[in-house]
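Here's the structure, in structure tokens; my notes come after.
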Amino acid sequence: MNFKKFPSFSQWKHLFKILKKKEKIAFSILVILALGSFIFLSFNFYINNTEITPAFGSSYTEGVIGQPRFINPIYGETNDIDRTLIDLIYSGLMAYDKNGQIIKDLAEDYKISEDGKIYEFTLKNNVFWQDGKPLTTDDIIFTIKTIQNSDYKSPLRANWLDIDIEKISNKSFRFILRSSYNSFLENCAVKIIPQHVWKDILPESFALSSYNLQPIGSGPYVFSELEQTNTGFIKSIGLEASRKYYNRLPYISNIYFKFFDNKEDFINAANQKNIEGFSLAYLDNNEVGAYKEINQGWSSGEKFKSYSLSLPRYFAVFFNSAATPQKTNIFSDENIRKALNYSVNKEELIKKIKSLNVDNVSIIDSPILPDFFGYDNPSAVYEFDTEKAASLLDKAGFKNNGSLQRIKPNDKKPAFQFKKYLAINSKGQDIIELQSCLARISNNEFKDLLLGETNGAYGKGTEKAVIEFQKKYLPKEEPTGEAGKLTRQKLNELCALPQDEGQLLKFTITTINQPQLIEVAEVLKDYWQKVGISIEIKIAEISELKSIIKERNYNALLYGQALGSLPDLYPFWHSSQINDPGLNLAGFQNKDADQLIKEARETVDNKTKKEKYEKLQNILIGKAPALFLYNNNFIYWVSEKIKGIDGKKIIDPAKRFSNIQDWYIKTKRVWK
């Protein structure tokens with residue numbers, strides 16, 4: 001069989017010389033189609049066999065209204081700005097994941113004793129501070145003992161009382177608790193400070209150290225720069241992904257925080273795209289207003305995406321039944337507390353809040369937040385019922401006076417009444433009361449007649465005054481100068497000191513100077529006035545709040561309480577926490593509740609804890625020490641170019657960076 005030889009390259013070069021014009025065109029088209037097909041198939045193969053993944057690089061800038069003060073775990077846990085920076089720069093034994101669950105961080109492992117009183121930890125290997133020094137058990141012990149030392153005045157000290165720490169080795173140690181406490185792992189999320197940096201700084205100098213603004217930690221980001229004005233105002237702080245971080249390096253190389261002292265400058269920066277993310281709290285949690293004030297633009301780099309993250313916190317009105325500044329203590333009456341609950345239409349209240357905040361607000365009826373923690377809902381709640389509220393107020397003795405006010409009548413008898421026959425030479429307390437009465441009634445017209453007799457002896461002056469009294473008030477009777485039956489009756493009628501008309505049902509709501517809370521207070525005032533309760537609203541600045549709570553200087557407090565990932569209701573509702581530093585803001589006392597709280601706190605069985613808290617919520621709702629209102633989410637606006645933000649729950653706003661290692665801007669393709 002003969003095979004024709006395949007044309008050589010030199011022969012191919014002469015191909016166009018032998019082809020006709022139409023053949024040349026057809027050949028060119030075939031070549032182009034073949035080449036296009038090859039490119040398409042190659043690209044398709046590449047796309048089908050590779051995937052887009054995050055890449056390292058780029059930066060993220062967040063806007064903040066306010067100033068950092070202590071980027072130091074010993075002090076900074078009470079300030080949202082400080083906590084945010086602390087979470088990025090430092091690390092703790094435990095941390096929170098993107099769904100608000102407690103997870104291991106510095107800890108490689110931990111063991112809990114059967115009685116729940118001993119927690120033994122082992123640290124991860126190859127953990128270093130950002131200055132290159134190794135992190136050891138000594139750093140853990142130093143941090144905890146610094147917090148426990150009252151000389152340092154750490155706000156965290158109360159969380160670490162009655163807890164001992166023992167070193168086992170450079171990588172292991174144990175905590176010993178005086179009593180079992182099943183939320184203790186949340187304590188262990190406290191960030192650790194380096195002993196070698198802080199050990200030589202005296203307690204009185206701790207808060208003044210430059211390390212409070214130029215910290216050295218062991219977290220995912222390391223402090224890199226600080227920009228201040230001539231007046232000391234901090235304009236920005238820069239962080240850089242830490243190459244010494246023991247976990248995976250974050251994709252975003254740099255994070256910058258820009259600080260503003262007013263809302264106007266903050267909004268301008270957002271509109272000029274100088275910041276790429278911010279908390280809606282800086283715009284009063286008013287998402288409707290934010291859409292009007294912030295220009296969104298068209299590209300992903302110009303648009304903001306809204307993230308709504310659930311928080312384990314709630315807002316309520318706490319009725320101070322322990323004591324009130326007015327000393328009337330109306331909240332000691334359970335009927336009044338229940339009436340206040342029945343008279344509020346929560347559905348309507350939430351609609352009014354949502355008109356400003358879109359859909360990030362939900363009604364709550366229980367302080368254990370069943371929806372957040374997976375507990376059963378309470379067996380009964382307060383439905384809106386003004387007739388029932390009115391009936392309970394009547395039962396408490398406060399009657400409607402017909403002028404949209406409720407008053408409890410004063411049924412006290414006069415402190416003194418004349419019952420004895422009185423005449424010349426009588427002596428004693430009755431005579432003192434008689435002389436006192438005659439000296440003050442009828443515009444003092446009998447005072448001079450007494451001739452100065454005020455010592456309890458019935459003399460001529462007293463007799464003369466009684467005669468004139470009888471002439472004026474008993475004109476049909478013969479004046480005798482003696483206090484017989486008819487005279488005593490008239491004296492009792494005229495001499496009784498004026499009594500209060502009655503107790504007006506009235507109290508003051510104290511709340512923080514924040515638009516949403518002020519609006520809620522106004523709505524509550526309207527509801528309660530409709531059932532005859534007089535309400536005043538006191539607006540306090542955040543700077544005043546600490547002393548107000550410490551002294552329990554309020555009648556009713558509209559305020560929020562935050563629970564952790566492992567809820568512990570002891571500080572909020574146990575009777576031992578009525579006074580500062582406890583947070584039993586309602587002054588609630590109940591032996592059954594105390595026992596349930598204690599048992600729920602000490603058990604090592606989550607099922608038992610759940611059962612105890614579900615019983616506790618029914619007691620709290622039944623006794624009505626507070627009006628539980630709503631829970632609102634944390635709203636976070638971030639540029640659409642930032643990817644990887646995930647999660648639905650966070651423990652507090654500072655934990656929005658809990659999955660910062662997964663955030664990214666740049667991408668690349670890798671083979672599957």
Item checked: Residue satisfying condition, being open to solvent by less than 10 Å² (accessible area, probe 1.4 Å) and not in a helix (DSSP H, G or I), within set Leu557, Leu566 -> Leu557
Checklist line | Residues within region 138-152 that are touching a residue at least 60 places away in the same chain (Cβ under 8 Å) and more than 14 Å from Pro194 (Cβ to Cβ), tallied | finding: 2
Margin query: Quick check on Lys258: is it outside any loop (DSSP other than H, G, I, E, B) and surrounded by 15 or more Cβ atoms within 10 Å (Cβ to Cβ)?
Written below: yes
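Rundown of residues vs (1) touching a helix residue (DSSP H, G or I) at 6+ places or on another chain (Cβ under 6 Å); (2) at pLDDT 95 or above; (3) within 23 Å of Thr50 (Cα to Cα); (4) buried (at least 21 other Cβ atoms within 10 Å of the Cβ), yes/no style:
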residue: Leu616; (1), (2), (3), (4): yes, yes, no, yes
residue: Pro625; (1), (2), (3), (4): no, yes, no, yes
residue: Leu629; (1), (2), (3), (4): no, yes, no, yes
residue: Asp646; (1), (2), (3), (4): no, no, no, no
residue: Lys649; (1), (2), (3), (4): no, no, no, no
residue: Pro653; (1), (2), (3), (4): yes, no, no, no
residue: Lys666; (1), (2), (3), (4): no, no, yes, no
residue: Val670; (1), (2), (3), (4): no, no, yes, no
Notebook entry, point to check: Within region 377-389, can you find the residues that are buried (at least 16 other Cβ atoms within 10 Å of the Cβ) and modelled with pLDDT of 95 or more?
Noted result: Tyr382, Phe384, Lys388, Ala389
Checklist line | Residue list for region 453-502, filter: open to solvent by 70 Å² or more (accessible area, probe 1.4 Å) and aliphatic (A, V, I, L, M) | finding: Leu486, Leu497
Check: Quick one: which of Tyr282, Tyr314 is open to solvent by less than 40 Å² (accessible area, probe 1.4 Å), within 23 Å of the chain's Cα centre (by Cα), hydroxyl-bearing (Ser, Thr, Tyr) and modelled with pLDDT of 90 or more?
Finding: Tyr314
Margin query: Exactly one of these conditions fails for Thr508: (1) within 20 Å of Ile548 (Cβ to Cβ); (2) open to solvent by 20 Å² or more (accessible area, probe 1.4 Å); (3) part of a helix (DSSP H, G or I). Give me its number.
Written below: (3)
Note to self: Going residue by residue through region 269-278, is there one that turns out to be open to solvent by less than 40 Å² (accessible area, probe 1.4 Å), over 23 Å from Leu309 (Cα atoms) and either outside any helix (DSSP H, G or I) or charged (D, E, K, R) (or both)?
What the structure shows: no
Next item on the list: Would you check which residues across region 454-466 are within 19 Å of Ala496 (Cα to Cα) and not in a helix (DSSP H, G or I) and list them?
Entry: Thr454, Gly456
Next item on the list: Would you mind telling me which numbered condition in (1) open to solvent by less than 20 Å² (accessible area, probe 1.4 Å); (2) hydrophobic (A, V, I, L, M, F, W, C); (3) touching a residue at least 40 places away in the same chain (Cβ under 8 Å) Trp160 fails?
Entry: (3)
Note to self: Return the residues of region 363-376 that are open to solvent by 20 Å² or more (accessible area, probe 1.4 Å), within 22 Å of the chain's Cα centre (by Cα) and at negative phi; say none if nothing qualifies.
What the structure shows: Ile363, Asp365, Asp371, Phe372, Phe373, Tyr375
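Please go through region 569-581 and pick out each residue that is of a type in the set (S, T, N, Q), surrounded by fewer than 19 Cβ atoms within 10 Å (Cβ to Cβ) and either within 18 Å of the chain's Cα centre (by Cα) or outside any helix (DSSP H, G or I) (or both).
Residue satisfying the conditions is Asn579 alone.
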Next item on the list: Quick one: in region 185-195, of everything that is under 20 Å from the mean Cα position of the chain (by Cα) and not small (Gly, Ala, Ser), which residue is nearest to Ile71 (Cα to Cα)?
Entry: Val190
Note to self: Filter region 37-76 down to the residues that are touching a residue at least 12 places away in the same chain (Cβ under 8 Å) and aromatic (Phe, Trp, Tyr) and list them by number.
What the structure shows: Tyr46, Phe56, Tyr60, Phe70, Tyr75
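Residues are listed down the side, and each one gets a yes or a no for (1) touching a Phe, Trp or Tyr at 6+ places or on another chain (Cβ under 8 Å); (2) in a helix (DSSP H, G or I):
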position	(1), (2)
Ala439	yes, yes
Asn443	no, yes
Gly452	no, no
Glu468	yes, yes
Lys471	no, yes
Lys476	no, no
Lys490	yes, yes
Leu494	yes, yes
Next item on the list: Could you please find all residues in region 241-278 being modelled with pLDDT under 95, of a type in the set (Lys, Arg) and in contact with a helix residue (DSSP H, G or I) (Cβ under 9 Å, 6 or more places away or on another chain)?
Entry: Arg248, Lys263
Note to self: Please go through region 83-106 and give me each residue that is out of contact with any Lys or Arg (no Cβ under 7 Å at 6 or more places or on another chain) and small (Gly, Ala, Ser), ordered by number.
What the structure shows: Ala95
Notebook entry, point to check: Which residue, of Ser547, Ser534, is open to solvent by 10 Å² or more (accessible area, probe 1.4 Å), more than 20 Å from the chain's Cα centre (by Cα), at pLDDT 90 or above and polar (S, T, N, Q)?
Noted result: Ser534
Note to self: Considering only residues that are open to solvent by 70 Å² or more (accessible area, probe 1.4 Å) and over 20 Å from Lys338 (Cβ atoms), which ones fall in region 516-531?
What the structure shows: Glu522
Check: Do you know which residues across region 353-362 are in contact (Cβ under 8 Å) with a residue 60 or more places away in the chain and exposed (fewer than 14 other Cβ atoms within 10 Å of the Cβ)?
Finding: Ser355
Check: How many residues are closer than 30 Å to Pro479 by Cα, of a type in the set (Gly, Ala, Ser) and open to solvent by less than 100 Å² (accessible area, probe 1.4 Å) when one looks only at region 390-432?
Finding: 3
Check: Which members of region 41-53 meet the condition of being surrounded by 10 or more Cβ atoms within 10 Å (Cβ to Cβ) and closer than 20 Å to Lys668 by Cα?
Finding: Ser42, Phe43, Asn44, Phe45, Tyr46, Ile47, Asn49, Thr50, Glu51, Ile52, Thr53
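The values are calculated or read from the model by the stated rules, or taken from the named source; none is laboratory data. This one's a predicted model, so the numbers in the text were calculated from it and none came from an experiment. Positions of Cβ are generated from backbone atoms using ideal geometry, with glycine treated the same way; all protein chains shown enter the neighbour counts. Surface areas here come from the heavy atoms of the whole protein model, side chains and all, with no ligands, DNA or RNA. Shrake-Rupley method; radii C 1.70, N 1.55, O 1.52, S 1.80 Å.
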